[in-house]
Amino acid sequence: MPTPAESLRAAGLRVTRPRVAVLEALAREPHTSADAVLAQVREQGGPVSRQAVYDVLHALTQARLVRRLLIDNASRYELDTHDNHHHLLCRGCGALADVPCAVGAAPCLLPSHDHGFEVEVADVLYSGLCPTCRAAGDRGADATTSTARTSTTPRRMNV
């Protein structure tokens, strides 16, 4: 796996402290919001502005080093591994987990009608309840659902 500096150079981007810090933060904690990335960058590397982190996330997304996921009208970010994986979202606690494509290839990039679009990415999001929320039953599902939609640091699931 290349280092953040190597990834930046390969993408034709300058190696800067904020860019390296954002890539390192996303490697430690994928599926996080910009605010959570900001908190991690500040914790690890000192002062950085909110705007700088947003600018870095935008540049890294444009360079296809970072993938932006839009979930429940909120952006979450992860390193772009170019591996055609999808996501499982717990509607109870907001946990988000990677799941490989069921087919393996990228058949979802071939819609039945593309309306003239050149399709580059197809995001698949499975939604349901994780084992912890299922075990808790209905007693906490309604209370945690609203939290999941506004949480900036969802629980990470290993699948």
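Just so you know, all these numbers are worked out from the coordinates, no wet-lab data involved. Computed from a predicted model, the values in this text were never measured in an experiment. Methodologically, a virtual Cβ is constructed for each residue, glycine included, from the backbone with ideal geometry; neighbour enumeration extends over all protein chains shown.
So for segment 44-57 (the condition being of a type in the set (Lys, Arg), free of Cβ contacts under 8 Å to residues at least 40 places away in the same chain and either under 29 Å from Tyr126 (Cα atoms) or in contact with a Pro (Cβ under 7 Å, 6 or more places away or on another chain) (or both)), does at least one residue qualify? Even if it seems obvious, please write down each step before you answer.
Restricting attention to segment 44-57, the residues satisfying the condition of being of a type in the set (Lys, Arg) are 50.
Now restrict to residues that are free of Cβ contacts under 8 Å to residues at least 40 places away in the same chain: 50.
Within this subset, residues satisfying the condition of being either under 29 Å from Tyr126 (Cα atoms) or in contact with a Pro (Cβ under 7 Å, 6 or more places away or on another chain) (or both) are none.
No, because not a single residue in segment 44-57 is of a type in the set (Lys, Arg), free of Cβ contacts under 8 Å to residues at least 40 places away in the same chain and either under 29 Å from Tyr126 (Cα atoms) or in contact with a Pro (Cβ under 7 Å, 6 or more places away or on another chain) (or both).
If a residue has to be of a type in the set (Val, Ile, Thr) and either surrounded by fewer than 19 Cβ atoms within 10 Å (Cβ to Cβ) or in contact with an Asp or Glu (Cβ under 6 Å, 6 or more places away or on another chain) (or both) to count, how many in segment 21-49 make the cut?
Residues that pass the stated criteria total 1.
Is there a residue being under 16 Å from Leu125 (Cβ atoms), touching a residue at least 12 places away in the same chain (Cβ under 8 Å), surrounded by fewer than 17 Cβ atoms within 10 Å (Cβ to Cβ) and of a type in the set (A, V, I, L, M, F, W, C) anywhere in segment 73-81?
yes
Which number in (1) farther than 30 Å from Ala136 by Cβ; (2) not in a strand (DSSP E or B) marks the one condition that Arg68 misses?
Checking Arg68 against (1) farther than 30 Å from Ala136 by Cβ; (2) not in a strand (DSSP E or B), the one that fails is (2).
Within segment 31-44, take every residue that is within 8 Å of Tyr77 (Cβ to Cβ) and not aliphatic (A, V, I, L, M) and give me the one that is farthest from the chain's Cα centre (by Cα).
Of segment 31-44, the ones within 8 Å of Tyr77 (Cβ to Cβ) are 31-34, 37.
Then drop every residue that is not not aliphatic (A, V, I, L, M), which leaves 31-33.
On the way: His31: 3, Thr32: 6, Ser33: 8 Å.
The selected residue is Ser33.
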